[in-house]
1. Work out the FRET efficiency for residue 174 and residue 16 from their Cβ-Cβ distance, taking R0 = 30 Å, and round it to the nearest 0.05.
2. Can you tell me which of 24, 83, 124 moves the most in a GNM of the chain? Springs connect C-alpha atoms under 10 Å apart.
3. From the helices alone, meaning DSSP H stretches of at least four residues, give me the mean residue ellipticity at 222 nm for the chain, per-run term -39500 (n - 2.57), in deg cm²/dmol to the nearest 500.
4. In the P(r) worked out for the stretch 2-115, what percent of Cα pairs fall beyond 17 Å?
5. With the convex hull built on the Cα atoms of the chain, state its orientation-averaged projected area in nm².
6. In percent, how large is the relative contact order of the chain, given Cα pairs closer than 8 Å and 6 or more residues apart?
7. Gain in length, residue 159 to residue 109, computed as 0.36 nm per residue apart minus the alpha-carbon separation, to one decimal in nm?
8. Apply the Karplus curve 6.51 cos²θ - 1.76 cosθ + 1.60, θ = phi - 60°, to the phi angles in the stretch 104-115 and return the couplings in whole Hz, x for Gly and Pro.
Amino acid sequence: MELGIRQKHTRALVDTGAYYNCLNLSFANRMKIRYFLISPDKPTLVSANDGKLKVHGMTTVCVSIGGYVCDVDFLVVDDLNVNCILGLSKLKANQADVKLSDSTLTLQNGLTAVPLITRFSKSNSLRTIHAITVELLCKIQFPVRIQNTYKLQPSIVEQLPGRLNAKVGVAKIYVEPKRRTIICQIVNLSDRPITL
């Protein structure tokens, strides 16, 4: 999944087999994240292939997950294959629900949702037919085009979790399209006009 740290986006591994949240040492250094050394009785971490992982320290970092902002305590670990691991400690504390049926992670009992896999087929995406500008705090209905590679069938139009979630709300609707053009409704929740 994708999360934001210090205004930068990075991929994180949601690991229900790990208790601790971990940050890769090289990533922490690149992001200039300070960490402090922890006592000799620091936790012993083992990788998926049974190798021992070296813990360099601990830090608390403010992260953004689908617009939901929270502090996360990380162990800073050398030689991770990913920049960041979210373990059970943070998932439980934020009432997370990993939904394999639609490949999403929800936090705070569904307050926010993010895709576990950030690549979506372009054939499943709708495109605006014309450029439109939505004034601040206004809702608008406009035509969108269904991709030619998408099979016309009963479907649900909904917002993909992502960076615009805090700024744009998309009405979730059930459609039975007969043509490749349907109507979509959005609301601009930001403090300025948005052009799509």
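Where a number appears in this text, it was derived from the coordinates with a stated rule and is not lab data. Keep in mind that what you see is a predicted model, and the values were worked out from it rather than measured. Backbone-built Cβ (ideal geometry, glycine too); neighbour counts: all protein chains shown.
1. 0.40
2. 124
3. Value at 222 nm, helices only, nearest 500: -1500 deg cm²/dmol.
4. Value for the stretch 2-115: 53 percent of Cα pairs lie more than 17 Å apart.
5. Taking the Cα atoms of the chain, their convex hull projects to 13.2 nm² on average.
6. Values: 391 pairs, mean separation 37.1, N = 196.
Relative contact order comes out at 19 percent.
7. Taking 0.36 nm per residue and subtracting the Cα distance, the gain is 16.2 nm.
8. Karplus values, whole Hz, x for Gly and Pro: 10, 10, 10, 10, 6, 6, x, 4, 9, 9, 10, x.
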